[in-house]
Structure formats: C-alpha cells, structure tokens
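Read the structure below first, then the notes.
The values are calculated or read from the model by the stated rules, or taken from the named source; none is laboratory data. A quick note: this is a predicted structure, and the numbers were derived from the prediction, not measured. Glycine gets a Cβ as well: all are built from the backbone with ideal geometry, and neighbour counts include every protein chain shown. Heavy atoms of the whole protein, side chains included, go into the accessibility calculation; ligands, DNA and RNA do not. Shrake-Rupley method; radii C 1.70, N 1.55, O 1.52, S 1.80 Å.
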Amino acid sequence: MGLLFFALFLAVSAASADEDAFIGVNIGTALSDMPNPTQVVALLKAQQIHHVRLFDADQAMLLALANTGIRVTISVPNDQLLGIGQSNATAVNWVSRNVLAHVPATNITAIAVGSEVLSTLPNAAPILVSAMKFIHSALVASNLDSRIKVSTPHASSLILDSFPPSQAFFNRSWDPVMIPLLKFLQSTGSFVMLNVYPYYDYMQSNGVIALDYALFRPLSPNKEAVDPNTLLHYTNVFDAVVDAGYFAMSYLNFTNIPIIVTESGWPSKGDSSEPDATLDNANTYNSNLIRHIFNNTGTPKHPGIAISTYIYELYNEDLRPGPITEKNWGLFDANGMPIYILRLTGSGTVLSNDTTNQTFCVARAGADHKMLQAALDWACGPGKVDCSPLLQGQPCYEPDTIAAHASYAFDTYYHRMAMGDGTCNFNGVATVTTTDPSTWPKYLPFWSTVIN
C-alpha cells in the first residue's frame, strides 16, 4: 500500500546497526500516463533521491538507473514466486536476466522476494524460504551475495498483540515459515523488511489511537503510550510498530536482525469514509517521518539504531483499484509536479533542497487561457511584477505564449513573496513544481533570465 510525494530508494547491502538511516521511495507504475524511465530518473536526481525500490525488475528502468549511483531494490513479483520457489534453475535464470545483466552499472543492493506473501498469497508460503535461498545461491555463485541482500517484505498485520510492543509476537501459525526465514536472514547478514502504515493502524483502532500519535505530532508526556512491561515511552505509532517487530523476533530468539521499513506513508485524498486522508495530514506524516528517520534517534527499544525507510510512494497511481485513497499515496503526479511541498527545512539534502529553497511557480497544464490571461494581468498590475521583459524584443518575449508569459510572472511574484503559502495559486491556474523550468524546452530560452 502507500503514501505520497516523490521517488523511492534503498540502502546499500547494508542496514547494519551503526549505519546512518536513509530515506528511499517506492516506484509504482499503475499510472495511465506513466513517465518513461528517463523521466523517472531525472526526477530522482532532481530530488536527490539515492535509494529506490521497484516492485519488479523492469529492464528499461534498470537500464535508465545505470551509472547514476542510485541504490536499487528490485523485486520478484508474487506471480513469479511459485516458479522460482520450486526450481533452482528458474531462480538462476531470473538472477541472470535481472541482476547479472545490469550490475555493476546499475547499483542493485537488495532483492525483495515477493511482497506480503504470508498475508496476501498464503498458498505460496511453503516455498517462500526456498525461493529466497535459490535467489541467494545464484548470487553466491556470481560472488554478489555480499553486496546484494535477499529478504521479503511483511505486512505489520503479521505481528499480533502489537501493543504494548513487549508483548508482540508473530502469528504462531506461521512459525514453520518465520523461523527458517529468520534463520536465513541471520545467516546471510540480511534484514527484515516490514511495511508500516500508521494510517491503517489509526483507521482500524476505533478511536483508540489519536491522530496526533499517528502523525508524529508532539504529545504531552501524559499522552505518550507507555509499555507497562518495559516502561518505554512511545511518542508515535511508527516506533511502536517497529519495536513490536523487534520484540516478535525476540520471542522466537532472534535478537540481532535489523529492520528496514519497505513501505510507509499517508494518503492525501479519500472519500467521506476516510476523512483523515488529506493533503495536510499526508504532508505532516511524511515530513515528520523523514525528520524522524534522519535524526537517527532509532526506537525506544533500540535508540540510535537506524530505521531506514522507503516512502510509499513516488507517484499517485490512478489505475490502482479500490477506494480513492489507493490512488493517492504519491508524492508526485505523472507530470512530476509535487502533490504537496514537504516541510523539510533542516532535514539534509534528500527531498529537501528542491522542496524548500528551489521551488518554482508555473502555469498549470491545461489551465483555461482566459483565466491565465486574467491572472497574468493581475500579476503584472496589482501584483506589481515587472513584466517589461515580456514585451516584444525583450529577453523573455519568446516563446510568445500565454502559459510561458504567465509562468514568468507567477514565478517572479512567488519568489518576491518569499514562496509563502498561497502565493502560487492565481485562482487555481498556477502550481508549484520542484523541477527547474529552465530544463523545460517549451520555456527556453527565456527562463534563464528568471533564475539567474
């Protein structure tokens, strides 16, 4: 499932406890107007995203990611799991086609074998560990097992009695799978992949979980959740779920396997049955999540141990079936426009430079020309934008289109107003973008005058 803002990334074979945490992005492709791989990679670079997770091993995407340094997690889709789990030869062929053909140019660092298999494809559970072992053996044969780790993402619903975290345990019916699976992860130096969605925990709690607690908002000490067995204080749902995962592993006598959160996010839009799926809540959750991860504070059970996380997801996927929320977890739309601007000042470089100091205000694609002209007239009049560079013969006259001229005026006004909230609206015909317009052919050559 998912969430909203830009692109998704993953850690180097990594995830050891002494490493700094990273933020990555999941890249789903269920879009009616899916950007091509080159466009996707351009967005990742612009947003300084260095870790991504793919839900497959798309050849064109892997080629586009070559020589970028971006760390890539590829996936064995669930519909290929049975074949690989039943045949070592099939696994060898899969690795040859999807890994060996691309490394080292493409920096593949992990393979996710299936997704939430125990929850969504239980008939494949008996061969899950075999599939992981076959994939790993193929990596060993090519001397790639030290740089490419093998794991499988689990839904957090696999953890029962998750609060207090110290009482958590995995669904015991899956012990015949979980115990050998954890032994495999331990022996190969890999990590548990866990999907953590405080949105769903909040929605399904019947009012027991406070919205502020799910969104990482500050809580007064008397509102923090306290584990009565450990006396650890929990200020957010995310940490409680991750620690429940650690305690569930401890219950099975595994205490040294790190956790990477392969999916987390918040939907930005929903119907009347999901009123807390809003732009503001999605922005709040993802912004606070990113800060929390980059602070390297860890969790109450494991303070200071990195919990690297992939945001769900890069794009809104309008073709996903189900409720409105399913289509609105993304950070960007298909045009690379942000669904909202993350509040990331002071959170480092990833997803922050372009979303705080390098945003631009441009004419919205498809905007009504009469409304654009009216907004342009306002900007050049009451808005007090100096529009003389747009006159014929001046540097910004070309291209002589309403959209180009309006974008010049909108962006000039937006930056003069210090990019404040509401200063890039113009009655709905303008939008904020983190993509430098000087790279848009339709706005060259005039934009260099705006940004220089």
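Observations on the structure shown:
- Looking at region 137-291, the accessible area is 40 square angstrom per residue; that uses a 1.4 Å probe and ignores ligands, DNA and RNA.
- The chain, accessible surface, carbon-and-sulfur percent (1.4 angstrom probe): 53 percent
- Listed residue (199, 209, 168) projecting farthest to the positive dipole end of the chain, Cβ model: 168
- Sparse packing (at most 11 other Cβ atoms within 10 Å of the Cβ) combined with a DSSP loop state is found for none of the trypsin sites (Lys or Arg not before Pro) in region 27-119.
- Dipole magnitude for region 155-255: about 160 debye, using +1 per Lys or Arg Cβ and -1 per Asp or Glu Cβ, origin at the Cα centre.
- What the Kirkwood sum gives for region 18-124 is a hydrodynamic radius of 14.9 Å, with every pair of different alpha carbons counted.
- Within straight-line cross-link reach of residue 223, lysines at Cα separation under 21 Å, skipping those fewer than 8 residues along the same chain: 301
- Spatial extent of region 122-255: Rg and Dmax, with the Cα atoms as the point set, Å: 17.1, 55
- Here the chain is treated as a sphere whose radius is the Kirkwood value from Cα pairs; by Stokes-Einstein at 25 °C and 0.890 mPa s it diffuses with a coefficient of 106 µm²/s.
- Kyte-Doolittle mean at least 0.0, axial Cα span of 15 Å or more - DSSP H helices of the chain: 125-141, 175-188, 237-251, 369-380
- Relative counts (whole %) of C-alpha pair distances in region 68-126, using bins that are 10 Å wide: 22, 47, 26, 5
- In a fully extended conformation the segment linking residue 318 and residue 172 would gain 48.9 nm over its present Cα-Cα distance, using 0.36 nm per residue.
- In this Cβ point-charge picture (+1 for Lys and Arg, -1 for Asp and Glu), region 198-325 has a dipole of about 340 debye about its Cα centre.
- By accessible area with a 1.4 Å probe, ligands and nucleic acids excluded, highest first: order of 361, 380, 387: 380, 387, 361
- Calculated log₁₀ intensity ratio I(q)/I(0) where the Debye formula runs over C-alpha points of region 165-211, q = 0.31 Å⁻¹: -1.10
- Structure-based [θ]222 nm, the chain - -39500 (n - 2.57) summed over DSSP H runs of at least 4, per residue, nearest 500: -9000 deg cm²/dmol
- Region 237-347 - Debye-derived log10 I(q)/I(0), Cα point model, q = 0.11 Å⁻¹: -0.42
- Restricting the calculation to Cα atoms, every distinct pair contributes to the Kirkwood radius of region 52-191, found to be 15.5 Å.
- From the alpha carbon centroid of region 266-281 to that of region 106-120 is 28 Å.
- Cα centroid separation, region 216-232 to region 364-435: 48 Å.
- Straight-distance crosslink candidates among lysines, where the alpha carbon sits under 18 Å from residue 327 and sequence neighbours closer than 8 are dropped: 269
- Mean separation of Cα pairs under 8 Å and 6 or more residues apart, divided by the residue count, gives region 49-110 a relative contact order of 45 percent.
- The chain, dipole about Cα centre (Lys/Arg Cβ +1, Asp/Glu Cβ -1), debye to the nearest 20: 700 debye
- Positive-end residue of 89, 226, 23, charge dipole of the chain with Cβ unit charges: 89
- Eligible aspartates and glutamates near residue 45 by straight Cα distance, threshold 15 Å, same-chain separation 8 or greater: 354, 436
- Taking only Cα atoms of region 190-286, radius of gyration then Dmax in Å: 14.6, 44
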